[in-house]
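K.L.:
One structure coming up, written as structure tokens, with questions to follow.
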Amino acid sequence: MAKRAFDIAISGCIIAVGAIPCAVLSVSIAADTKDSPIYVQTRVGKCGKPFSIFKFRTMVADADNVEKYLSSEQLRQWQTEHRVNDDPRITPLGRVLRATFIDELPQFLNVLLGQMSVIGPRPISYDELTHFGKGAALFCSVPGGITGLWQASR
């Protein structure tokens, strides 16, 4: 109960303080990517329930078409790690947003909605959940977090 109260207090404050700067940033992102400034993706939530995670868009509009942008070596890395070194899909503004973690700010809406926590394991996709094997149930026993061990050790 105390952790949820902490999540509500922190996310409420960040949303209140960041509303106007995030609105201005949204206009810049929309102009940069020619698409919605908020990227929405399905992730695994507590008890394995799906939820839509919100992030500022940092990639080109059709970034999900990985074959269009990635070399064969990058595709192999993408298939195993869901990450790519020097990803060509990331926009110049997106590189700044990622380097400063500003792209994560919309996730405070997920926290306020109770879908995530401020601190917890990195929210993953259902494809990534298969890599956890028998540990998947333990992973799904808590909500994902905006920050945690994985995020702090990158």
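Taken together, the values in this text are just the output of simple stated rules run on the coordinates, not laboratory data. As the structure is a computational prediction, the values presented were derived from the model and not from experiment. Virtual Cβ from ideal backbone geometry, glycine too; neighbours counted across all protein chains shown.
K.L.:
Give Phe56, Phe51 a once-over and let me know the one that is farther than 18 Å from Thr130 by Cβ and touching a Leu at 6+ places or on another chain (Cβ under 6 Å).
P.N.:
Phe56
K.L.:
Something else about it: Does Leu138 fit the bill of being under 30 Å from Ile14 (Cα atoms), aliphatic (A, V, I, L, M) and surrounded by fewer than 16 Cβ atoms within 10 Å (Cβ to Cβ)?
P.N.:
yes
K.L.:
Quick one: Leu97 ticks every box in (1) over 19 Å from Thr147 (Cα atoms); (2) buried (at least 17 other Cβ atoms within 10 Å of the Cβ); (3) in contact with a helix residue (DSSP H, G or I) (Cβ under 7 Å, 6 or more places away or on another chain) except a single one, so which number is it?
P.N.:
Of (1) over 19 Å from Thr147 (Cα atoms); (2) buried (at least 17 other Cβ atoms within 10 Å of the Cβ); (3) in contact with a helix residue (DSSP H, G or I) (Cβ under 7 Å, 6 or more places away or on another chain), only one is false for Leu97: (1).
K.L.:
Of everything in the stretch 39-70, what is touching a Pro at 6+ places or on another chain (Cβ under 9 Å) and among the small types (Gly, Ala, Ser)? Give them in sequence order.
P.N.:
Matches in the stretch 39-70: Gly45 only.
K.L.:
Still on this structure, I have one more. Looking at Ala63, Ala5 in this structure, which one is among the hydrophobic types (A, V, I, L, M, F, W, C), surrounded by 13 or more Cβ atoms within 10 Å (Cβ to Cβ) and either closer than 18 Å to Val96 by Cβ or more than 18 Å from the chain's Cα centre (by Cα) (or both)?
P.N.:
Just one listed residue meets the conditions, Ala63.
K.L.:
Another one. So, of the residues in the stretch 11-29 that are closer than 21 Å to Ile90 by Cβ and in contact (Cβ under 8 Å) with a residue 12 or more places away in the chain, which turns out to be surrounded by the most Cβ atoms within 10 Å (Cβ to Cβ)?
P.N.:
Ile29
K.L.:
Give the number of residues within the stretch 24-40 that are farther than 14 Å from Arg98 by Cβ and of a type in the set (Ser, Thr, Tyr).
P.N.:
Within the stretch 24-40, residues that are farther than 14 Å from Arg98 by Cβ and of a type in the set (Ser, Thr, Tyr) number 3.
K.L.:
Within the stretch 31-39, is there a residue that is free of Cβ contacts under 8 Å to residues at least 12 places away in the same chain, part of a helix (DSSP H, G or I), more than 29 Å from Leu138 (Cβ to Cβ) and charged (D, E, K, R)?
P.N.:
No, because not a single residue in the stretch 31-39 is free of Cβ contacts under 8 Å to residues at least 12 places away in the same chain, part of a helix (DSSP H, G or I), more than 29 Å from Leu138 (Cβ to Cβ) and charged (D, E, K, R).
K.L.:
I want to confirm something. Restricting to the stretch 104-125 and keeping residues that are more than 14 Å from the chain's Cα centre (by Cα) and surrounded by fewer than 16 Cβ atoms within 10 Å (Cβ to Cβ), which single residue is nearest to Ile29 (Cα to Cα)?
P.N.:
Leu113
K.L.:
Residue by residue through the stretch 1-39, note down the ones that are among the aromatic types (Phe, Trp, Tyr) and more than 14 Å from Gln107 (Cβ to Cβ).
P.N.:
Phe6
K.L.:
Go through the stretch 77-99 and give me each residue that's over 16 Å from the mean Cα position of the chain (by Cα) and closer than 20 Å to Arg122 by Cα.
P.N.:
Gln77, Trp78, Gln79, Thr80, Asn85
K.L.:
Moving on to the next point. Go over the candidates Leu105, Leu109, Leu93 one by one and state the one that is of a type in the set (A, V, I, L, M, F, W, C) and over 24 Å from Phe139 (Cα atoms).
P.N.:
None of the others qualify; the one that does is Leu93.
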